[in-house]
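Participant: For reference, the structure I am asking about is given below.
None of the figures in this text is laboratory data; all of them are computed from the coordinates on show. Predicted model, so just to flag it, every value in this text is computed and none were measured. No Cβ is skipped: glycine too gets one built from the backbone with ideal geometry, and neighbour counts run over all protein chains shown.
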Amino acid sequence: MSGPRPEDAGEAGGEERDWLAHPRAMIVPIYHDVGFDITDGGKGWVEITLQITERLLNSDGILHGGLWTLIADSAMGGAIRTMTGADERCITAQSDYRWLRAIEGEVLRATGRVLKPGRRLWHTTVELTDASGRLVGTGTGTFVVVKRGEG
């Protein structure tokens with residue numbers, strides 16, 4: 001994980017804020033079942049790293065496409081959670097992905113970023129890279145942010 005950045009300072013400018021505290025508090029068992037974790041982030045962005053294992057491959061021997069979307073959606077939602085409170089939740093309303101090339105190696109990284117926060121609708125992007133850092137996919141998402149208990 002990278003060290004603190006200037007933009008990670010608290011509202012008063014003196015305290016360092018743990019931007020990943022809320023996204024990490026929202027980790028669910030599927031993260032561990034599949035083998036990915038939040039590995040970096042800051043205000044408005046999160047990086048998720050997936051360790052690709054044989055059990056995640058489809059019948060053609062490549063990473064299953066559903067896992068691409070799981071990690072991409074989780075990165076975009078995690079980016080939003082760096083900017084929302086524990087009393088709020090984000091719900092995927094729309095997402096769109098483009099796979100650009102095959103993944104090489106045993107690592108897939110997804111970096112989700114908030115493009116535009118709103119009162120209820122938030123717009124995000126995601127870039128997916130392989131072990132060598134090559135861009136292998138991109139996507140966008142729109143999320144609804146509401147107070148917990150609201151629908």
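Participant: For a Förster distance of 30 Å, can you work out the FRET efficiency between the beta-carbons of Thr138 and His32, rounded to the nearest 0.05?
Facilitator: About 0.70, to the nearest 0.05.
Participant: Report, in deg cm²/dmol and to the nearest 500, the calculated mean residue ellipticity at 222 nm for the chain, where each DSSP H run with n ≥ 4 adds -39500 (n - 2.57) and the sum is divided by the residue count.
Facilitator: Per the formula, -5500 deg cm²/dmol.
Participant: In Å, what is the Rg of the alpha-carbon atoms in the chain, and how long is Dmax?
Facilitator: Radius of gyration, then largest Cα-Cα span, for the chain: 15.5, 53 Å.
Participant: Would you work out the relative contact order for the stretch 16-147, in percent, from Cα pairs under 8 angstrom that are 6 or more residues apart?
Facilitator: 24
Participant: Follow-up question, since we're still on this one. Using 0.36 nm per residue, how much length does the chain from Asn58 to Leu100 gain when fully extended, once their Cα-Cα distance is taken away?
Facilitator: My answer for the length gained is 13.3 nm.
Participant: Next up: With each label point set 7 Å from Cα along the Cα-Cβ vector, what nm distance links Leu115 and Ile91?
Facilitator: 2.2
Participant: What residue among His32, His22, His123 has the largest mean-square fluctuation in a Gaussian network model of the chain, using Cα springs under 10 Å?
Facilitator: Most flexible of the set in this elastic network: His32.
Participant: Express in nm, to one decimal, how much length is gained between Ala131 and Arg148 on full extension, taking 0.36 nm for each residue of separation and deducting their alpha carbon distance.
Facilitator: That pair, Ala131 and Arg148, stretches by 2.4 nm at full extension.
Participant: Can you give the FRET efficiency for Thr69 and Lys43, using 1/(1 + (r/R0)^6), R0 = 30 Å, r = Cβ-Cβ distance, to the nearest 0.05?
Facilitator: For Thr69 and Lys43, the calculated efficiency is 0.75.
Participant: Calculate the translational D of the stretch 65-151 in whole µm² s⁻¹ from Stokes-Einstein, where the hydrodynamic radius comes from the Kirkwood formula applied to all Cα pairs, the temperature is 20 °C and the viscosity 1.002 mPa s.
Facilitator: The estimated diffusion coefficient comes to 162 µm²/s.
Participant: With bins 10 Å wide starting at 0, give me the P(r) of the stretch 18-64 over every alpha carbon pair, in whole percents.
Facilitator: Spelled out bin by bin, the stretch 18-64 gives 23, 44, 24, 8, 0 percent.
Participant: Then there is this: Looking at the chain as a GNM with Cα springs under 10 Å, which of Gly61, Gly139, Gly42 has the largest mean-square fluctuation?
Facilitator: Gly61
Participant: For helix 65-81, report the angle its Cα long axis makes with the longest principal axis of the Cα atoms of the chain; keep it between 0 and 90° and round to the nearest 10°.
Facilitator: Helix 65-81 and the main axis of the chain meet at about 10 degrees.
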